[in-house]
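Asker: Take a look at the following structure, please.
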Amino acid sequence: MIGLDYIRKVSGAMAVNMSEFVPDNNLNWLALAACVYGNISAGRALCCLGLKGTKPQKTYTRVSDLDGNSLLQMHNAGMSLRAISYQVGADYKTVKRALMMLGVEF
């Protein structure tokens, strides 16, 4: 009997985490069967089995979301664009575009 700990709701239907009951060498086959017969994506099937699964969606930072004063302070302190981008959690091109909008010339 499968305990309630292993059952969860996925896309409106009840799903059972079979990775606890199926040997490791058969999990990929189980994921393939879920794709074929369950009409779900491969990433979703792998995710339900506790394997690799679907990648999280990328998040993008807009220039308007960045604090211009802190960017200018870090730039004037001599930090590189990559160091600033790592510090604020944005792409270095976004940081460069924000600094250019603030009047910094490169």
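Asker: If you take the beta carbon distance between SER70 and SER41 as r and set R0 to 35 Å, what does 1/(1 + (r/R0)^6) give as a FRET efficiency, to the nearest 0.05?
Answerer: Numbers: r = 40 Å, r/R0 = 1.15.
Once rounded, the FRET efficiency stands at 0.30.
Asker: Okay, moving on. Report the full-extension gain for the segment ARG82 to THR59: residue separation times 0.36 nm, less the Cα-Cα distance, to one decimal in nm. List each step's numbers first, then the result.
Answerer: Values: separation 23, 0.36 × 23 = 8.28 nm, distance 1.77 nm.
Working it through step by step, the gained length comes to 6.5 nm.
Asker: Quick one: which residues, 5+ away or cross-chain, put their amide H under 5 Å from the amide H of ASP91? H built at 1.01 Å from N.
Answerer: Correct list: THR61.
Values quoted throughout were computed directly from the atomic coordinates according to the rules given, and no laboratory measurement underlies them. Quick caveat, the model's predicted, so the values are computed rather than measured. Reconstructed Cβ throughout: ideal geometry from the backbone, glycine too, with neighbour counts over all protein chains shown.
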